[in-house]
Structure formats: C-alpha cells, structure tokens
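Chemist: Quick one: the structure is below, questions incoming.
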Amino acid sequence: MLIERIDVYWARVPLAFVWKTSYGDQRFTDTVLVRMEGEGHHAWGESWSPSAEHTLATFHTVREHLAPRVIGQDVGSAEDLLRRLDFVKGNQFARAALEITWWVLDATRRGMPLHVALGGKGDTVAVGADFGIQDSLDILMRKIQAAVEAGFPRIKLKFRPGWDVDMVAAVRSTFPDFTFHIDCNAAYTPADTAMFRALDRYRLAMIEQPLADDGLSLVNHADLQAQLETPICLDESALSLAHVQAAIRLKSCQVVNIKMARVGGLTASRAIQALCAQHDIPCWVGGMLETAVGGAICAELATLPNFTYAGDIFPSSYFYDDDLGKPELAVAGGAIATSRVPGIAQAPDPDLLEQWTVERASFRA
C-alpha cells in the first residue's frame, strides 16, 4: 500500500475534572493524532504520551524523523513499516503513532473492522471503572457504589502516599466481595515492602506497578512479588516485548497491563499477549487519557484471547465534557462495543481539532 499522505497533530484537550494520581494533578491532556492516506482510503490513529516520553518529543520525532521515512513508500505490512523506523531507537510512542494508524488504514482498505484484522473477535469487551485520588472517602464510596450499580466488573483505585492502606481498608470493609485492584504508578520503593505485605489481607486482584521504573525495576519487582500473595501487575515497566520476556524469566509479575503506545504499537501488543498466554499470565488493555479515537483502538485490541481482565477503556463522558473523537465512546453494563465498520468509526471532530491543535505537520508523496 502506497502511503500518499500523513498529517500529524499535537492536540491539547481539556479534561472534565482534575485527574489526581501519584504523578500529580492534570487539568488537560496532550496527545498525538495521525491521519494517514493510501490507495484511496484514510484512517486515524492516536498515541497518547505520558511524562516518560512527553508529547512534544513524540510529535518532534514523528515529524522530523519517522514520517519522512514512510511517506511515498509502498508499505506491505506492519512489520515492513517497523523495519523502516528501526533506525530510531527507543521512542516507542512516536513509532506507535504511525504503526497504530497503519493498522487502522490497512483494516479500512481491506474492508474489515480493526479487531478482525488483528485476529480478535467479539461484539463487546469488558471494561472497568477507575477512580483517582478523591477529596474524601465518602466521595469515593459514592462513586464506587454508582460504578457497581452500573455493572462494571472491577474497579481500579489510584494509590499514593497519604491515600493508601487506610483507603483500601475502608473500601474493602464497605464492599467485602467486589473485585478491586490498586494502581501505584511507580510511586514506591523496596523500602515499602512491609506496607505491601499488609495489603495481602484485602484480597486485591493485583497491585499495579508498585515500584519505580528504573534500572532495577524488574529485579526489584521480582523480589517484591516473592514476598507477596497478591499478584503484581507491571505497567510502566512493561515497555516492550523484550521487557516482558525478561519480566517472565525473573518472575517479576503475575499480570501484565499492555498499553499499545508504550510498547510500540499493535504488533508488539499482539506478541506480548500471546507470549504471556504461553506462560499463563493474564493481560489487560491499559488505557491512558486517549480521546475516543485511541479508546476505540484499545477496544479493538482487547478482543484478543489473552486479554482476560477488564480493561481501562473509558466512556468519553468520564474524562471529557466534549471528546475530541466522534462518535463518542459509551459504556453499557461494564462493556464497550467493538467496531462494526472497516477500521474504526471514530475520527477527530474537525472544529475541535482546529481549536485544540498546538502544532501540525503534513507530508505528501
């Protein structure tokens, strides 16, 4: 497929509320969206970049180094695309921006929903509810009760110093049998091992990324997992297929959260979930703060067989008063529908994209 046009957008989208995690407080989100054309078809993709590879760096790398290597080229497969980008090392989010969009474009060209092109199946995928740091436990309990009543199969609780064990104890006391897990966003060190051991009594589904993602991350997580009954889930440390291979060898975790942009795209995401299946390690699709474009792609990925834990794919109304992506995503009964059209149905709203674009670059064959 000849790649005839690529448009890259850095957009800054306002959030509906202040999202509080161990990283800090967010009032808007930055993201990179890509539009790609080939053989009379076009498609959109998205790569939301966190602080580890910030949006300006992602946009710059795509604009200055990656898109020029793809425009005007006959790209036959996702692997072919990735080979053309191999000269840039690291920069997973930037590489993913083009690779994810290529997958959507190829599925559109072939006339099939993205999940079918990926090898998945299913009309819906299960999703969970997530709650950041709240102003009080009473507010948190009300939100959890509403999520339970809405049919969400599990709930994730952000966890950071000052909002930690006492919060979990209160939640478990109020909801003794519901499925919860906590997300530490790499806020702790091995010195906190005793605290994590104290969490075993609360029967959490997992502890997501308890320790810092540094040079000893996989070793330190392996040491911690050996002392816990509660499964550890890697997120920030699951940076690539190679990282997950190492984590399995070291026994650093019992669950893996796959974020498609963090690991370098959909090809790597498929390979990681297949590898984990061989080792009886369940996976789930981790969402970030993507618009409905990225969220829809996450839902398509979540149809693959080893994504057995409800994913982080959010309804548009959760993070946004007006989602940049249209049609907006909706969740019913703890599930989200997969695509019924070639590729995905979502694309940025032109007026909102113009309003919220920080910078744009265009390439034509």
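Chemist: Apply the Karplus parameterisation 6.51 cos²θ - 1.76 cosθ + 1.60, with θ equal to phi minus 60°, to every residue of segment 348-359 and state each ³J(HN,Hα) to the nearest whole Hz, in sequence, with x for glycine and proline.
Modeler: Residue by residue, segment 348-359 yields x, 5, x, 5, 5, 4, 5, 5, 9, 6, 8, 7 Hz.
Chemist: List every residue whose amide H lies under 5 Å from the amide H of Ala16, counting only residues 5 or more places away in sequence or on a different chain, with H placed 1.01 Å from N in the peptide plane.
Modeler: Hits under the 5 Å cutoff: Tyr320, Asp321.
Chemist: Only four residue types carry charge here, +1 at the Cβ of Lys and Arg and -1 at the Cβ of Asp and Glu. Report the dipole size of the chain about the Cα centre in Debye, rounded to the nearest 20.
Modeler: 540 debye
Chemist: Going through segment 220-291, which GluC sites (Glu not before Pro) have at most 13 other Cβ atoms within 10 Å and a DSSP loop state?
Modeler: Sites meeting the loop and neighbour criteria: Glu229.
Chemist: Okay, moving on. Counting other Cβ atoms within 10 Å, keep those with at most 16, restrict to DSSP loop, and tell me which trypsin sites (Lys or Arg not before Pro) in segment 128-185 are left.
Modeler: Answer by residue number: there is no such site.
Chemist: Here's something else I'd like to know. Simple spin-label model, 7 Å along Cα-to-Cβ: Asp321 to Asp138 in nm?
Modeler: For Asp321 paired with Asp138, the spin-label model returns 2.6 nm.
Chemist: Related question: Equivalent ellipsoid semi-axes for the chain, as square roots of 5 times the alpha carbon gyration tensor eigenvalues: give them largest first, rounded to whole Å.
Modeler: Here the semi-axes work out to 33, 22, 19 Å.
Chemist: Could I ask something else about it? Can you give the FRET efficiency for Ala246 and Ala57, using 1/(1 + (r/R0)^6), R0 = 22 Å, r = Cβ-Cβ distance, to the nearest 0.05?
Modeler: 0.35
Chemist: Another question, then. Three principal axis extents, largest first, for the C-alpha atoms of segment 139-193, in Å?
Modeler: The principal-axis extents, from largest down, are 38, 20, 17 Å.
Chemist: Hey, what do the phi angles of segment 30-39 turn into as Karplus ³J(HN,Hα) couplings, whole Hz, using 6.51/-1.76/1.60 and θ = phi - 60°, x for Gly and Pro?
Modeler: Each residue's phi maps through the Karplus curve to give 9, 8, 10, 10, 10, 10, 10, 10, x, 6 Hz.
Chemist: Does anyone have the angle between helix 165-174 and the longest principal axis of the chain? Alpha-carbon axes, 0 to 90°, nearest 10?
Modeler: Value to nearest ten degrees: 80.
Chemist: Say each of Ala332 and Thr189 gets a label point 7 Å from the Cα, pointing the same way as Cα to Cβ; how far apart are those two points in nm?
Modeler: 5.1 nm
Chemist: Using a/c under 1.5 as the rounded threshold, could you call segment 27-113 rounded, prolate or oblate? The axes a ≥ b ≥ c are square roots of the C-alpha gyration tensor eigenvalues, and prolate needs a/b larger than b/c, oblate otherwise.
Modeler: Oblate, because a/c is 1.5 or more while a/b does not exceed b/c.
A short reminder: the numbers here are calculations on the coordinates, not readings from a lab. Owing to the predicted nature of the structure, the values given are computational and were not obtained by experimental measurement. Positions of Cβ are backbone-derived with ideal geometry, glycine not excepted, and every protein chain shown enters the neighbour counts.
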